[in-house]
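Working notes, structure below.
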Amino acid sequence: MAPPAAASARQSASGRERNFKDKDKPDSVRNSNIVAAKAVADAVRTSLGPRGMDKMIQSGNGDVTITNDGATILNQMSVIHPTAKMLVELSKAQDIEAGDGTTTVVVMAGALLDAAQNLLSKGIHPTTISESFQSAATEADKILEEMSSPVDFSNDALLNKMATTSLNSKVVSQHSWLLAPMAVTAVKKIINSDTDTNVNLKMIKIIKKMGDTVEESELIEGALIDQKTMGRGAPTRVEKAKIGLIQFQISPPKTDMENQVIITDYAQMDRALKEERQYLLEICKQIKAAGCNVLLIQKSILRDAVNELALHFLAKMKIMCIKDIEREDIEFYSRILGCRPVASLDHFNAEALGYADLVEEIPTGGDGKVIKVTGVQNPGHAVSILLRGSNKLVLEEADRSLHDALCVIRCLVKRKALLPGGGAPEMEIAVKLRNLAQTQHGAKQYCWRAFADALELVPYTLAENAGLSPIHTVTELRNNHANGNSSYGVNVRKGYVTDMVEEDVVQPLLVTASAIKQASECVRSILKIDDIVMAVR
Ligand code: ADP
Ligand code: MG
């Protein structure tokens, strides 16, 4: 076949391009992305605030969760659209960074997407919108910083207020008088408030036990172990305990390779049994010789952590035995009990042991039991919380709510500043940003104004969820902020706009600052997508 002439080739190429290049495609992809993400945001919007609704989430196998926590709702929701998934990730990111404000961040992202959609329809280029949103977010951060006030970490009453604000919106809010101070005390116990800039929440062990009510929950200055004591006849209560933590097993060793030993006569069998006895007895004796009377054994997947015979020996020697300590809990227990984890019998000696006044097994209703260690000699910056609840749903939500409250206090350790709540920071940004927008030119001014309007959705939603007239409330709030009442917010209890600081509704700066930053970042990345490409695999 003759090669086609150069000119006609060029012509056909451009013709093909015209056929294949769909000018409207980026627009429609962007639009469908925004619609999908907005649908997710709308789903959690009704949960925002103290008067927000809760969601009942049913999983495929029939498990039910009742929650108000944005991150939990989104995490369990099955979303298919890739951009909708970005909002799920967004709320996760907020959960990691701040721990609270997970609904707020999604509501904000939804509002910003809505604003972006409007701006796009006016013909403003996505890149312009994205850049303007970024600069607006930077301004917003400055405004927040200006309106925040410093926190004195020794002011427990103030910290309590903040923990209470975060618990306000939860199912267990009527127990906040107990849970809020508990969160404050727990965090304060494990940090050095002068030097620390972060909190390792792993050092606060929350053990959930069904039974009783949330009000019976307690903070324990010592350790709780979610296990039972093992062995018949072994002590279940030991005073002046010397605690050992071992990572080896007290059971017959296994060969490295899979093989079989064939025993042909009774004498051989007898010898094998005797040797096993001897081997286990030797280990138990050595443990006893070190002075240990409470033994914690790490969970083992290779073989039994401790077998029946060894339990029998330990019981005879009056050693309390607790098995199946999870690998990730070893650090916690070694810190709180002041004992050193020992990986081989040779290193098991008196120095490795920790000391406690009392170790006892306490019943927690039903056949549940938990081991409580009190009077530890050297409380090594770790605490335990025994959380109670009359049913599984309440118990789990109490756990999540307490986690939020702990995170709020952690935020204050990271950044010691607070803001009034109830939509005050969002409105303050909206008012100030709209003023600042006057100094900008062209499309940027438009985008900043849209950004400011979008943030008003937070107070709007708070009012709407509380059954107030959102338009009236937001207008009144806007007036107040324009007149310099920067701490005014939506008072959901009284049903009008008041000074939030007087109402004791305060929240950490980090929660709001991080929400605005993350939401605008997420919206910017959604705007930049102009095509969804399916991968081969
Ligand atoms: P998130 O998961 O984002 O933390 P919440 O449902 O906890 O969502 O709601 C948090 C919002 O509720 C914040 O804006 C906070 O300021 C507001 N809020 C909390 N308590 C009150 C209150 N008593 N009055 C008004 N607003 C409140
Ligand atoms: Mg909250």
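Here Met56 fulfils each of the conditions (1) away from ligand 2 (no atom under 15 Å from the Cβ); (2) under 30 Å from Asn391 (Cβ atoms); (3) open to solvent by less than 10 Å² (accessible area, probe 1.4 Å) apart from (3). Residues in the stretch 68-123 that are within 16 Å of ligand 2 (Cβ to nearest atom), among the charged types (D, E, K, R) and assigned to a helix (DSSP H, G or I): Lys92, Asp95, Glu97. When Cys339 is tested against the conditions (1) more than 26 Å from Val261 (Cβ to Cβ); (2) under 35 Å from the mean Cα position of the chain (by Cα); (3) open to solvent by 50 Å² or more (accessible area, probe 1.4 Å); (4) not aliphatic (A, V, I, L, M), the lone failure is (3). The requirement of being more than 21 Å from the chain's Cα centre (by Cα), open to solvent by 70 Å² or more (accessible area, probe 1.4 Å) and either within 30 Å of Arg30 (Cβ to Cβ) or touching a residue at least 12 places away in the same chain (Cβ under 8 Å) (or both) is fulfilled nowhere in the stretch 513-524; no residue meets it.
In the stretch 397-407, the condition of being open to solvent by 50 Å² or more (accessible area, probe 1.4 Å), outside any loop (DSSP other than H, G, I, E, B) and within 26 Å of Met230 (Cβ to Cβ) is met by no residue. All of Ile516, Ile529, Ile471 fail the test of being of a type in the set (A, V, I, L, M) and modelled with pLDDT under 90, apart from Ile529. For Lys161, the requirement of being in a helix (DSSP H, G or I) and touching an Asp or Glu at 6+ places or on another chain (Cβ under 6 Å) is met.
Scanning the stretch 392-429 for residues that are away from ligand 2 (no atom under 15 Å from the Cβ) and more than 26 Å from Ser149 (Cβ to Cβ) yields Lys392, Leu393, Val394, Leu395, Glu396. Tell me, which residue of the stretch 433-444 that is over 10 Å from Ser135 (Cβ atoms) and open to solvent by less than 50 Å² (accessible area, probe 1.4 Å) is farthest from the chain's Cα centre (by Cα)? Filtering the stretch 433-444 for residues that are over 10 Å from Ser135 (Cβ atoms) and open to solvent by less than 50 Å² (accessible area, probe 1.4 Å), the one farthest from the chain's Cα centre (by Cα) comes out as Ala443.
With the condition kept exactly as written, say whether any residue in the stretch 479-500 is more than 13 Å from ligand 1 (Cβ to nearest atom), part of a loop (DSSP other than H, G, I, E, B) and modelled with pLDDT of 90 or more. Break it down into steps so the answer makes sense when it comes.
To start, the set of residues in the stretch 479-500 that are more than 13 Å from ligand 1 (Cβ to nearest atom) comprises 479-486.
Filter again for part of a loop (DSSP other than H, G, I, E, B), leaving 483-486.
Now restrict to residues that are modelled with pLDDT of 90 or more: 483.
Scanning the stretch 479-500 turns up at least one residue that is more than 13 Å from ligand 1 (Cβ to nearest atom), part of a loop (DSSP other than H, G, I, E, B) and modelled with pLDDT of 90 or more.
Taking the criterion of being within 18 Å of Glu215 (Cα to Cα) and within 11 Å of ligand 1 (Cβ to nearest atom), the only residue of the stretch 152-165 that qualifies is Thr164. Taking the stretch 419-474 as the region of interest, the helices (runs of 4 or more DSSP H) fully inside it that hold 1 or more residues being in contact with a Cys (Cβ under 9 Å, 6 or more places away or on another chain) and assigned by the TED database to the domain that holds Ser121 are 424-437. Restricting attention to the stretch 226-247 and to residues that are closer than 20 Å to Gly338 by Cβ and hydrophobic (A, V, I, L, M, F, W, C), the residue that is surrounded by the fewest Cβ atoms within 10 Å (Cβ to Cβ) turns out to be Val238. Would the stretch 298-316 turn up any residue that is surrounded by fewer than 12 Cβ atoms within 10 Å (Cβ to Cβ) and hydrophobic (A, V, I, L, M, F, W, C)? Yes: one or more hits. In summary, Asp531 fulfils each of the numbered conditions (1) within 26 Å of Pro82 (Cα to Cα); (2) crowded, with 16+ Cβ neighbours inside 10 Å; (3) away from ligand 2 (no atom under 16 Å from the Cβ) with the single exception of condition (2). Selection of the stretch 164-174 for residues being assigned to a helix (DSSP H, G or I) and within 15 Å of ligand 2 (Cβ to nearest atom) yields Thr164, Thr165, Ser166, Leu167, Asn168, Ser173.
Report, by residue number, each residue of the stretch 193-207 that is open to solvent by 20 Å² or more (accessible area, probe 1.4 Å) and touching a residue at least 24 places away in the same chain (Cβ under 8 Å). Result: Ser193, Asp196, Thr197, Asn198, Leu201, Lys202, Lys205, Ile206.
Residue-wise test of (1) modelled with pLDDT of 90 or more; (2) in contact with a strand residue (DSSP E or B) (Cβ under 6 Å, 6 or more places away or on another chain); (3) under 30 Å from Asp357 (Cα atoms).
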| site | (1), (2), (3) |
| --- | --- |
| Glu258 | no, no, no |
| Val261 | no, no, no |
| Thr264 | no, no, no |
| Met269 | no, no, no |
| Leu273 | no, no, no |
| Gln278 | yes, no, no |
| Ile287 | no, no, yes |
| Ala290 | no, no, yes |
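When restricted to residues that are open to solvent by 50 Å² or more (accessible area, probe 1.4 Å), closer than 21 Å to Ser173 by Cβ and touching a Lys or Arg at 6+ places or on another chain (Cβ under 8 Å), the stretch 216-225 contains 1. Can Ser135 be described as touching a residue at least 60 places away in the same chain (Cβ under 8 Å) and either on the phi < 0 side of the Ramachandran plot or of a type in the set (S, T, N, Q) (or both)? The answer is yes for Ser135.
I'd like to know if the stretch 128-148 contains one or more residues that are in a loop (DSSP other than H, G, I, E, B), over 23 Å from the mean Cα position of the chain (by Cα) and either crowded, with 19+ Cβ neighbours inside 10 Å or assigned by the TED database to the domain that holds Ala454 (or both). Yes, there is a match, as at least one residue in the stretch 128-148 is in a loop (DSSP other than H, G, I, E, B), over 23 Å from the mean Cα position of the chain (by Cα) and either crowded, with 19+ Cβ neighbours inside 10 Å or assigned by the TED database to the domain that holds Ala454 (or both). Restricting the stretch 375-396 to residues that are open to solvent by 40 Å² or more (accessible area, probe 1.4 Å) and touching a strand residue (DSSP E or B) at 6+ places or on another chain (Cβ under 6 Å), the residue that is nearest to Asp324 (Cα to Cα) is Gln377.
The values are calculated or read from the model by the stated rules, or taken from the named source; none is laboratory data. Keep in mind the model is a prediction, meaning the values are calculated, not measured. A quick note on method: Cβ atoms are made from the backbone with ideal geometry, for glycine too, and the neighbour counts reach across all protein chains shown. Surface accessibility is based on the protein's heavy atoms, side chains included, excluding ligands, DNA and RNA. Shrake-Rupley method; radii C 1.70, N 1.55, O 1.52, S 1.80 Å.
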